[in-house]
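Trainee: Below is a structure I'd like to ask you about.
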Amino acid sequence: MSLDQQAFQDFFTSHPLIVREQLGAQAEHFTVVGQSLMIDAIQINSYHSSVVADFIRHQLLEQAASFTFETVMSDRSKVDFIKKARSLGYRTYLYFVSTEAPEININRVAIRVGEGGHDVKPETIRARYHRCLALLPEAIQASSRAYLFDNSGAEAELEVEITDALAVEYKFDDVTEWCSSAIDALDQLVTHS
């Protein structure tokens, strides 16, 4: 992957997160050296990390590279990115993992914090949970293949496999409510497209 200083500066300073948090002036602390991004004299935060990851994803897309990325998918921009990739000829694969309720995730974060991991506020977890499930049907529609896993129990289980938003293969007779709702919403989306 080739990187360009001006492309990074433009991407960074115009990114919605950077604009919203008024961090544009910090772009001067990021320097492209060959295929590396050097950062000096600045305390890195989650906004910086998110924007750098987003820049790399967009660069890989523009350079027609094969790649994978992981996201909470609680923001429409991730679905838009999948749509853009598909429009550019990419075969896109969605591996979506959820639980039956946000409280499961809240409890797991509490365990992680107890083991020294980072915290996320319960209200943030709840909001992200509902946003990502609301975006799921559209993400499935934008994907060549989608695999929906339920991770409510001790191990994640593949519940449904969907090809081109049309062929739905259930792995169990009875799937979780979130999964069933996503398929119902996908059917509505496809019917009205």
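Trainee: When you go through HIS130, HIS118 one by one, which is the residue that is out of contact with any Ser or Thr (no Cβ under 7 Å at 6 or more places or on another chain) and modelled with pLDDT under 95?
Mentor: The match here is HIS118.
Trainee: Mind checking which strands (runs of 3 or more DSSP E) fall wholly inside segment 1-103 and carry at least 1 residues that are crowded, with 16+ Cβ neighbours inside 10 Å and hydroxyl-bearing (Ser, Thr, Tyr)?
Mentor: 93-98
Trainee: Which count do you get for residues in segment 162-171 that are under 17 Å from LEU189 (Cα atoms) and either assigned to a strand (DSSP E or B) or in contact with a helix residue (DSSP H, G or I) (Cβ under 6 Å, 6 or more places away or on another chain) (or both)?
Mentor: Residues that pass the stated criteria total 5.
Trainee: What's the total number of residues in segment 84-107 that are among the charged types (D, E, K, R) and closer than 15 Å to THR163 by Cα?
Mentor: Counting residues in segment 84-107 that are among the charged types (D, E, K, R) and closer than 15 Å to THR163 by Cα gives 2.
Trainee: Is there a residue in segment 48-58 that is touching a helix residue (DSSP H, G or I) at 6+ places or on another chain (Cβ under 8 Å), over 28 Å from LEU88 (Cβ atoms) and not assigned by TED's automatic domain parsing to the domain that holds HIS118?
Mentor: Among the residues of segment 48-58, not one is touching a helix residue (DSSP H, G or I) at 6+ places or on another chain (Cβ under 8 Å), over 28 Å from LEU88 (Cβ atoms) and not assigned by TED's automatic domain parsing to the domain that holds HIS118, which makes the answer no.
Trainee: Based on what the data block shows, is PHE149 assigned to a strand (DSSP E or B) and farther than 27 Å from PHE55 by Cα?
Mentor: yes
Trainee: Moving on to the next point. Among the numbered criteria (1) over 21 Å from LEU189 (Cβ atoms); (2) without any contact (Cβ under 8 Å) to a residue 60 or more places away in the chain, which single criterion is violated by ALA65?
Mentor: Every listed condition holds for ALA65 apart from (2).
Trainee: Just the residues that are farther than 21 Å from ALA127 by Cα and within 13 Å of the chain's Cα centre (by Cα), please, taken from segment 52-80.
Mentor: Result: ALA53, ASP54, ARG57, THR68, PHE69.
Trainee: Would you mind stating whether GLN59 is polar (S, T, N, Q) and either on the phi > 0 side of the Ramachandran plot or in contact with an Asp or Glu (Cβ under 6 Å, 6 or more places away or on another chain) (or both)?
Mentor: Spelling it out, it is not the case that GLN59 is polar (S, T, N, Q) and either on the phi > 0 side of the Ramachandran plot or in contact with an Asp or Glu (Cβ under 6 Å, 6 or more places away or on another chain) (or both).
The values are calculated or read from the model by the stated rules, or taken from the named source; none is laboratory data. Every value quoted in this text rests on a predicted model; they were computed, and no experiment measured them. Cβ: placed from backbone, ideal geometry, glycine included. Neighbour counts: every protein chain shown.
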